[in-house]
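The values are calculated or read from the model by the stated rules, or taken from the named source; none is laboratory data. In this text the structure is predicted, and so the values were computed from the model without any measurement. Neighbour counts run over all protein chains shown; Cβ positions are idealised from the backbone, glycine included. Accessible surface areas use protein heavy atoms only, side chains included; no ligands, DNA or RNA. Shrake-Rupley method; radii C 1.70, N 1.55, O 1.52, S 1.80 Å.
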Amino acid sequence: MLQIENISGGYGDKKIVDSLSFQVEKGCMLGILGPNGSGKSTLMKLISGVLPPTDGEVRIDGRALADFPAKELARKMAVLPQLHAHAFSHTVRETISLGRYPHQSGWFSSWSEEDEAAVQEAMQLLNVSQYETTLIEQMSGGEQQRVFVAQALAQNASILLLDEPTNHLDINHQKELLDTIKKQAIEKELTVVSIFHDINLAAMYCDELLLLDEGRIVRIGEPHEVVRTHDVESVYKTRVSNHPHPELPKPQITLLPGVRRHAAEQTVRACDFLVTPEFVVYQSEWPLKTVSSAVVNAGSGWFRNFINRRVDATYNIDNSYEEMVGYIEDSGLKATDTVAMMTAVRTEHAIVREYEADFGTIVVSVTAGVGNGVDVSQAVSRELRVGTINTWIMVNGILSDEAFIQAMITATEAKTKALQHEEVIDPLTGTMATGTSTDSCLVAATQLGEALPYAGPITEVGKLIGAGVFECTVEAIHLYREAKKT
Amino acid sequence: MNKTVLAYLVSLFLLSGSVVLGVTVGTVPISPAVIWNPSSDAMAANILWNIRMPRVVLAGLVGAALAIAGAAFQGLLKNPLADPYTLGVSSGAAVGAVMTLFFGISIPFLGMFTLPVISMIGALITMLAVMGFARLVDRSMKMETVILTGIIFSSFLGSIISLMIALTGEELRQIIGWLLGSVSMRGWPYVQMALPFILIGSFVLWLYRRELNAMLFGEERAQHLGVEVKKSKMAILIGGSVLTGAAVAVSGTIGFVGLVVPHMTRLVWGSDHRHLLPLSFINGAALLIVCDLVARMIISPTELPIGVITAFIGAPIFALIFFRQRRGGL
């Protein structure tokens, strides 16, 4: 266990680290975060003992750092500094062997089997065995860094201090290196303290984080307690947005640039929609922030092209994604910039309408077919079919995250109301349908103009969405039924 | 491991070869057989054992001392251009030696060791002063800064030596000849004077071979690896100064040996100090024996100062190392 008690230190009269106290439990990985000049490296030097503290002390397993003889300390604690250039070259093996220095004593001490085993293991872990006789200066920065990590591991110390271990590494090597360190930390119960520049990387790998600013602790705790938008913004003096990691329960941040996206006018208009028997297409000059349940590019993202494509009722739904991507590319659009849905309904019957309120306008586009109406309250097993009611809502305004979700809810409620109004029946249960089996919904916003924090049914935008979706859906059902009659 | 054994075998072979050449080649050629059979030619044996052998042994000791000291200084300062000569340490030792002769200093108990001991003190003081000044100029102790500081100190100490020479009358010639570096006409007493210090100094440096390896990665890194940096640094400085002082006391300032030998050794056998130090010792001895041979044979019967030969080889190599370090590549 590593205890830091009330430690202060700096260079000359300048106090850079100011009375910090914290402790790191055995087997725990602590990440130190902070802007340049916040005292991260100084704190690291205080912990490693290179810089004597002006006040306070560091304790390892209850024993003061100053009481350790140099070699004994090196057997307890290994340090990986930032990469430096060297005047002379060593081979990889010689470099890693130096990690065994603290384990050797006496005038003529020889290389023991234990030394050899530790070096071999470290070389294998870091995947540098094949470079054993290579000179380190002939290796790339990433490989050199791996050699130095191997040197630190060969020390067989229970505490590992790392100063930006992933500096100069590409993302694959960053991941590999941190995976190796993390794995070692778990298997050998190492205590790891590491400086990170990258908040996201730190949040992913560390059990605990410490946010440092001007030599003081701003926050310490689990990543979710430390990586908070407000703290990160005030410490790093930059705008960020916080969001969850897609696979791990760890927070991640995204930088928000100081340079804004173009300020030009951009308005989604109903007249710019292209409605043909083959598809409904809207192409925007600038990307729209979009949340949807489409076939291609579902979820959230920024996209320029929006397609609602008509496919045959017998369309093979099994590899619809690949087929749809191919279709988009064939039409000369980029699949990465396009949200695409499909429908079995005749797309020339799509309703596209513009609605206006004080804040601006929204455009609603609906294609509807009600052949396979579903009453969602009746849980009956059904066959999967191609989507039938596709609802698009495009807002000329700035929607918040919650407004996107509220817009979806409002649109869905309006759709259900439209189905009731049109008395659409679930053919399986004979009850009133609430939708069809594979409806899709899309909400997009220009993120320009007025800020719309909410889009519930009583807000201005919510009213437009509710009334607009209802009206368009009713009309689309009329057209669908008329087409069926003929 | 095989490579290491080979390195020592080759180096020892070169050394014994140079010793044999050194004692047999000269104005009076002597058959190598005389070495193990002195009675075959009493006159030749006399020349061999009383004139040539002490000269060869002294040249070997001086070369070994300067080379191992150079290797250690280079490792300590992480500076491939460092050696007793370029750092100004030789000049410091020379000032000590000249002072001893000039003032006729004789420290009780030390007797004949007064000269080397005061040279060593001169060397150590100069070394500390050079390092202190270089650190003041540039905390990172860049290669050029250290060498420039060495030149400043060499020039200054050189002027002090010149001043002392100017103030002496009759001993002038002797001191000038000695300053350019020479191992001629010294005999066995000089070997006895230098031998103990050179053995002690080399042993101290050898004890710190692993620390030197660690310190190549920087003092901070060495401390992380468990090296007691201050203590090791001081020991290496003292060891190097003892060697330089002893060498200068018996042979004057012979430049570049400490630069050329470790550089060549590193190039061929690698920069692991566990072997670099002993190999530099052996090869330094061999090189200076050969240089001395060339110095006395090239315009025979006149002898060139040995420093002329080492500078002739050493200065271009110095330039080459400097070029490579600054322009990168090998």
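Listed here are the pairs A:Lys45/B:Lys78; A:Lys71/B:Lys78; A:Lys40/B:Lys230; which of them are more than 24 Å apart at the Cα? It would help to have the intermediate numbers written out before the result.
On the way: A:Lys45/B:Lys78 22 Å; A:Lys71/B:Lys78 22 Å; A:Lys40/B:Lys230 26 Å.
Among A:Lys45/B:Lys78; A:Lys71/B:Lys78; A:Lys40/B:Lys230, the Cα-Cα distance tops 24 Å for A:Lys40/B:Lys230.
Going toward the positive end of the dipole of the protein assembly as shown, with +1 on Lys and Arg Cβ and -1 on Asp and Glu Cβ, which of A:Gly142, A:Gln283, A:Ser437 do you reach last?
So the residue furthest toward the plus end is A:Gly142.
Among all the aspartates and glutamates, which ones have a C-alpha under 18 Å from A:Lys417's C-alpha, if same-chain residues fewer than 8 places away are not counted?
The reachable aspartates and glutamates, counting only those whose Cα sits under 18 Å from A:Lys417, are A:Asp375, A:Asp426, A:Asp439, A:Glu471, A:Glu475.
Please sort B:299-312, B:102-115, B:269-282 by packing, taking for each peptide the average over its residues of neighbouring beta carbons within 10 angstrom, highest first.
Values: B:299-312: 17.0, B:102-115: 12.9, B:269-282: 24.0.
Ranking, from highest mean packing down: B:269-282, B:299-312, B:102-115.
Find how much the distance from A:Leu428 to A:Lys188 grows on full extension, using 0.36 nm per residue of separation minus their present alpha carbon separation; answer in nm with one decimal.
Roughly 80.3 nm would be gained on extension.
Report, in deg cm²/dmol and to the nearest 500, the calculated mean residue ellipticity at 222 nm for the protein assembly as shown, where each DSSP H run with n ≥ 4 adds -39500 (n - 2.57) and the sum is divided by the residue count.
Working: 27 runs with 390 residues, N = 816.
Computed mean residue ellipticity for the protein assembly as shown: -15500 deg cm²/dmol.
As a test, work out the antiparallel percent of DSSP beta bridges whose residues both lie in the protein assembly as shown, rounded to the nearest 5. Walk me through the numbers before you get to the answer.
Numbers: 58 of 89 bridges.
Here the share of antiparallel DSSP bridges comes out near 65 percent.
Suppose we keep just the DSSP beta bridges with both residues in chain A; what percent of those would be antiparallel, to 5?
Numbers: 58 of 89 bridges.
Looking only at bridges with both residues in chain A, the antiparallel portion is about 65 percent.
Can you find, among A:Leu399, A:Gly449, A:Ala411, the residue sitting farthest towards the positive end of the charge dipole of the range A:312-452, where Lys and Arg contribute +1 and Asp and Glu -1 at Cβ?
The residue sitting most towards the positive pole is A:Ala411.
At A:His230 and A:Glu5, where each label point lies 7 Å from the Cα along Cα→Cβ, what is the point-to-point distance in nanometres?
Modelled inter-label distance: 3.4 nm.
Is the shape of the range A:223-294 rounded, prolate or oblate, going by the alpha carbon gyration tensor and its root eigenvalues a ≥ b ≥ c, with a/c under 1.5 for rounded and a/b larger than b/c for prolate? Could you put the intermediate results ahead of the total?
Values: a/c = 5.47, a/b = 1.95, b/c = 2.80.
Oblate, because a/c is 1.5 or more while a/b does not exceed b/c.
Cα-based Rg (one decimal) and Dmax (whole number) for the range A:312-409, in Å?
Rg and Dmax of the range A:312-409, Cα atoms, are 16.4, 45 Å.
What aspartates and glutamates does A:Lys182 reach when the alpha-carbon gap must be under 12 Å and sequence neighbours fewer than 8 apart in one chain are set aside?
Excluding near neighbours in sequence, the set is A:Asp207.
Calculate the dipole size of the protein assembly as shown relative to its Cα centre from +1 charges on Lys and Arg beta carbons and -1 charges on Asp and Glu beta carbons; express the result in debye to the nearest 20.
Working: 62 positive and 77 negative charges, 710 e Å.
It works out to roughly 3400 debye.
Put +1 on the Cβ of every Lys and Arg and -1 on every Asp and Glu Cβ in the protein assembly as shown; which of A:Ile32, B:Ser140, B:His224 then has its Cα farthest towards the positive end of the dipole?
B:Ser140
In debye to the nearest 20, how big a dipole does the range A:299-377 give about its Cα centre with +1 on each Lys and Arg Cβ and -1 on each Asp and Glu Cβ? All intermediate terms of the calculation are to be shown ahead of the outcome.
On the way: 6 positive and 12 negative charges, 22 e Å.
It works out to roughly 100 debye.
Roughly how crowded by other chains is peptide A:73-82, in terms of the mean Cβ count from those chains within 10 Å of each of its Cβ atoms?
Working: counts 3, 7, 1, 1, 2, 3, 5, 2, 5, 0.
Mean partner-chain Cβ count within 10 Å for A:73-82: 3.
Pairwise over distinct Cα atoms, reciprocal of the mean inverse distance: report the Kirkwood radius of the range A:83-213 in Å, one decimal place.
On the way: mean 1/r = 0.0643 Å⁻¹.
15.5 Å is the Kirkwood radius here.
Using all Cα-Cα distances in the range B:202-299, what percent lands in each 10 angstrom bin from 0 up to the longest?
Distribution as computed: 15, 41, 31, 10, 3, 0 percent.
Restricting things to alpha carbons, find the Rg to Rh ratio for the protein assembly as shown using the Kirkwood radius for Rh. It would help to have the intermediate numbers written out before the result.
On the way: Rg = 40.7 Å, Rh = 33.1 Å.
My calculation of the ratio gives 1.23.
Once you compute Rg and the Kirkwood Rh from C-alpha atoms, what is the Rg to Rh ratio for the range A:21-66?
Working: Rg = 11.4 Å, Rh = 11.9 Å.
Answer for the range A:21-66: 0.96.
With the calculation restricted to Cα positions, what are the radius of gyration and Dmax of the range B:1-135 in angstrom?
19.6, 60
How many Å² of accessible area per residue for the range B:81-203, probe 1.4 Å? Each step should come with its number before you reach the end.
Details: 6010 Å² over 123 residues.
Per-residue value: 49 Å².
Show log10 I(q)/I(0) for chain B at q = 0.06, 0.09, 0.14 Å⁻¹, two decimals, from a solvent-free Debye sum over equal Cα scatterers.
-0.20, -0.45, -1.08
Using only Cα atoms, locate the centre of the range B:190-266 and the centre of the range A:123-168, then give the distance between them in Å, rounded to an integer.
Measuring centre to centre over Cα atoms gives 29 Å.
What is the distance in Å between the Cα centroid of the range A:348-364 and that of the range A:2-75?
62 Å
What percentage of the solvent-accessible surface of the range B:9-117, computed with a 1.4 Å probe over protein heavy atoms, is contributed by carbon and sulfur atoms?
About 76 percent, which is the carbon plus sulfur part of the accessible surface.
Please state, to two decimals, what the Cα-based radius of gyration of the range A:164-302 comes to when divided by 2.2 N^0.38 Å (N = residues).
Details: Rg = 21.0 Å, N = 139, 2.2 N^0.38 = 14.3 Å.
Compactness ratio reported: 1.46.
Can you compute the charge dipole magnitude of chain B about its Cα centre, using +1 on each Lys and Arg Cβ and -1 on each Asp and Glu Cβ, nothing else charged? Give it in debye, rounded to the nearest 20.
Working: 21 positive and 13 negative charges, 162 e Å.
Using Cβ point charges on Lys, Arg, Asp and Glu, chain B gives about 780 debye.
By its C-alpha gyration tensor, with a ≥ b ≥ c as the square roots of the eigenvalues, how is chain A shaped: rounded for a/c under 1.5, else prolate for a/b larger than b/c, else oblate? Don't skip to the end; give the middle numbers.
Details: a/c = 3.10, a/b = 2.41, b/c = 1.28.
Here chain A falls in the prolate category.
From the P(r) of the range A:33-111, can you give the percent of Cα pairs sitting at distances over 18 Å? Before the final figure, lay out the partial values.
Numbers: 1758 of 3081 pairs.
For the range A:33-111, the fraction of Cα-Cα distances above 18 Å is 57 percent.
Quick one: which residues, 5+ away or cross-chain, put their amide H under 5 Å from the amide H of A:Leu399? H built at 1.01 Å from N.
Amide H neighbours of A:Leu399: A:Gln447, A:Leu452.
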